[in-house]
Amino acid sequence: MKLYYAQNTRAVRIAWLLEELGLDYEIERFELGSPAMRAPAYLQIHPMGRVPVLEDGDIRLFESGAIVQYILALYGNGQLQPAVGTQEFAEYLQWLHYCEGMIMPPVNTLVVETVLLPPERRTELNVKRATKLLNQILMAVEHHMQGRAFLAGDFTAADIMTGHSVTVSRDMLKMDFSDKPNLSAYADRLLERPALQKARTL
């Protein structure tokens, strides 16, 4: 397998999963925002010029959630997902998709407005709206994490997907977690995992 990767992107999720499963993979590294990601050759690989992309033989995928499900289906051997039919499996599916359905839209707005755009092009109203929305969305995870170590029983791929979004919100976007003690402890717990530590620094 080959992973197209850049630090501080969703590609970290895929590297994290591959590391957790102990699978061999090749890395094609980019710098975030590199012109190489917009070159015609790379646009043939990912039509939006983004990462991650996973190549596995003749298969090519470029949506992180789909990549996670693909890897688990073919190579997971039942790891990192609860048994079908259990309460944990239902929770796992919910939180596996919660990150892209809920957390990442305001995260994307904040990354554009506070990281990618030059100061003169930023819109403060967009930042305020996205910050308020993201705080509300994260509070749902905060409440769910009361008395829990992970999102759906033991550590699963849902923690890779939504957990990654939580760490990005706190550590990259500097969201206020003072009213989210469960989430802050959860983020710390995830960052202690050697597979994530490696995935963040490839």
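With an 8 Å Cα cut-off and a minimum separation of 6 or more residues, compute the relative contact order for the chain in percent.
In percent, rounded to a whole number, it is 24.
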Report summary line: Computed on Cα atoms only, the convex hull of the chain has an orientation-averaged projected area in nm² of 11.7 nm²
Report summary line: Residue by residue through the stretch 46-59, the couplings from Karplus 6.51 cos²θ - 1.76 cosθ + 1.60 with θ = phi - 60°, in Hz, x for Gly and Pro, are 10, x, 9, x, 10, 10, x, 10, 10, 10, 9, x, 8, 8
Report summary line: Asserting the computed 222 nm helical MRE of the chain (DSSP H runs at least 4 long, -39500 (n - 2.57) per run, divided by residue count, to nearest 500) equals -14000 deg cm²/dmol
**Report entry** Ordering of 93-102, 124-133 by burial proxy (mean other Cβ atoms within 10 Å per residue, highest first)
**Finding:** 93-102, 124-133
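Please report how many Lys pairs in the chain have alpha carbons closer than 27 angstrom, counting only residues at least 8 apart along the chain or sitting on separate chains.
Final tally of qualifying lysine pairs is 7.
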Report summary line: The size of the Cβ-based charge dipole (Lys, Arg +1; Asp, Glu -1) of the chain about the Cα centre, to the nearest 20 debye, is 620 debye
**Report entry** Local electrostatic count, residue 153, Cβ distance below 12 Å [Lys/Arg +1, Asp/Glu -1]
**Finding:** -3
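Only the coordinates and a few stated rules stand behind these numbers; no lab work does. Everything numeric in this text was worked out from a predicted model, so none of it was measured. Neighbour counts run over all protein chains shown; Cβ positions are idealised from the backbone, glycine included.
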